[in-house]
Amino acid sequence: MKRRNFLLASLAELRRIFLDPRLLTVGMLLVFIYNLVVKELFSRAEKTGMPVNAAETFIAIGSSGILLLFLPSVFLILISDHPNMGSHTLYSIHRSGRLRWLFGEIFGALLSTMIYVVGMFAACTVMTLPHGFLGLEWSDTVTKYVSMFPEERFTMMSQYLPSNLFNQMSLPSALLHTTLLLILYLFSLTLIITLFRILGMKAAGIAAAFGVVAAGVLTCAVQVKAMWAFPMSHTVTWLHYDTALREPIVPMYASYIYFGVFIALGIIANIIAIKKNNINITEDE
């Protein structure tokens, strides 16, 4: 019965997030992605006469500072009420127990994160297919464009898919790391929001999560060593490599260790909070 309550709590949280009218912000984000990335890739494909790989749009998103500001921001808008603490919450906690309720909410947040990231990948792939192909290799449009048009070396699109990405990693590897690291990044943010929510400080939790995103964007933009203290730098695959040297600046496995520690500490903090604090219920939920 308790295991069933755990699953029900997870599915209820998942259903609440993806039936929320705020999901419309995802559509707005996709329009932004189309105009900023997809149209630019199409333009390059037309200029070179070669198609792009449909997966390159999603990889570009995971490599773009501006999109790694908006992508988590939209996700935080969707989960800003997580975990949902309505009139039913105390009943659910009484039936399943505090820890089981907490793990159900965390598991629901993880599922939401995975669906959000995979959904973004699917949407980006579909948008790119009219001028793209499905394959396991980087397109010549990406790898040869700067040599064909050197005057565009410093354009935004060239920064999204830089040479220290496609020269250092295969496309399947870049796609896998981008997907996994984005999931870990966004899931880490949900733990921050969950912790503050349990402590009865919803607004502070949202501010803290947005603060982590903003700090990551700013430090990555100037590329100071302090950027490695924030999750965003560990999410951007090309930041791990030099433009010429094969030796990584920060090994990829170190970023997985970073997220593992971050998430473990986040879960421990949530466990301590749920054991020591009373759950605050608000009538507007």
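Determine the pairs where a residue that is in contact (Cβ under 8 Å) with a residue 60 or more places away in the chain and farther than 11 Å from Phe58 by Cβ, located within the stretch 111-134, has a partner that is aliphatic (A, V, I, L, M) and part of a helix (DSSP H, G or I) with Cβ atoms under 7 Å apart, the partner being 6 or more residues away or on another chain.
Correct list of pairs: Leu111/Leu14; Ser112/Leu14; Ser112/Ile17; Thr113/Ile183; Thr113/Leu186; Met114/Ile183; Tyr116/Leu186; His131/Ala45.
What is the one condition in (1) under 15 Å from His240 (Cα atoms); (2) in contact with an Asp or Glu (Cβ under 7 Å, 6 or more places away or on another chain) that Ser163 does not satisfy?
(2)
For residues that are under 18 Å from Lys47 (Cβ atoms) and without any contact (Cβ under 8 Å) to a residue 40 or more places away in the chain, scanning just the stretch 135-154, find the one that is most open to solvent (accessible area, probe 1.4 Å).
Going through the stretch 135-154, the residues under 18 Å from Lys47 (Cβ atoms) turn out to be 138-154.
Retained after the next criterion (residues that are without any contact (Cβ under 8 Å) to a residue 40 or more places away in the chain): 143, 146-147, 150-154.
Details: Thr143: 50, Val146: 36, Ser147: 92, Pro150: 71, Glu151: 134, Glu152: 32, Arg153: 117, Phe154: 172 Å².
So the residue we want is Phe154.
Could you look through the stretch 249-274, keep only residues that are open to solvent by 90 Å² or more (accessible area, probe 1.4 Å) and farther than 16 Å from Phe196 by Cβ, and pick out the one that is farthest from the chain's Cα centre (by Cα)?
In this case the residue turns out to be Ile249.
Please pick out the residue among Ala221, Ala215 that is open to solvent by 40 Å² or more (accessible area, probe 1.4 Å) and either assigned to a helix (DSSP H, G or I) or over 30 Å from Leu102 (Cβ atoms) (or both).
Details: Ala215 fails: open to solvent by 40 Å² or more (accessible area, probe 1.4 Å).
Result of the check over Ala221, Ala215: Ala221.
Is there a residue being over 20 Å from the mean Cα position of the chain (by Cα) and among the aliphatic types (A, V, I, L, M) anywhere in the stretch 232-248? Show your work before the answer.
First, the residues of the stretch 232-248 that are over 20 Å from the mean Cα position of the chain (by Cα): 241-248.
From what is left, the residues that are among the aliphatic types (A, V, I, L, M) are 244-245.
Yes, the conditions are met somewhere in the stretch 232-248.
Matching residues to (1) part of a loop (DSSP other than H, G, I, E, B); (2) at pLDDT 90 or above; (3) over 30 Å from Leu134 (Cα atoms):
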| site | (1), (2), (3) |
| --- | --- |
| Arg4 | no, no, yes |
| Leu14 | no, no, yes |
| Leu23 | no, no, no |
| Ala45 | no, no, no |
| Ser63 | yes, no, no |
| Val74 | no, yes, no |
| Leu99 | no, no, yes |
| Ser112 | no, no, no |
| Val118 | no, yes, no |
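Please pick out the residue among Ile257, Ile272 that is modelled with pLDDT under 95 and farther than 22 Å from Pro162 by Cβ. So that I can check it myself, show each step before the final result.
Working: Ile257 fails: modelled with pLDDT under 95.
Answer to the check: Ile272.
Identify, by number, the condition in (1) touching a Leu at 6+ places or on another chain (Cβ under 9 Å); (2) under 30 Å from Gly104 (Cα atoms); (3) in contact (Cβ under 8 Å) with a residue 24 or more places away in the chain; (4) open to solvent by less than 60 Å² (accessible area, probe 1.4 Å) that Phe210 doesn't meet.
Result: Phe210 fails condition (4) only.
From the list Tyr160, Tyr253, Tyr258, Tyr241, exactly one residue is without any contact (Cβ under 8 Å) to a residue 12 or more places away in the chain and of a type in the set (Phe, Trp, Tyr). Which is it? Walk me through it before giving the result.
Numbers: Tyr160 fails: without any contact (Cβ under 8 Å) to a residue 12 or more places away in the chain; Tyr258 fails: without any contact (Cβ under 8 Å) to a residue 12 or more places away in the chain; Tyr241 fails: without any contact (Cβ under 8 Å) to a residue 12 or more places away in the chain.
Every option except Tyr253 fails the conditions.
The values are calculated or read from the model by the stated rules, or taken from the named source; none is laboratory data. Note that this is a predicted model, so its numbers are computed, not measured. Neighbour counts are summed over all protein chains in view; Cβ atoms, including those assigned to glycine, are modelled from backbone coordinates with ideal geometry. Note: areas computed on protein heavy atoms with side chains; ligands, DNA, RNA excluded. Shrake-Rupley method; radii C 1.70, N 1.55, O 1.52, S 1.80 Å.
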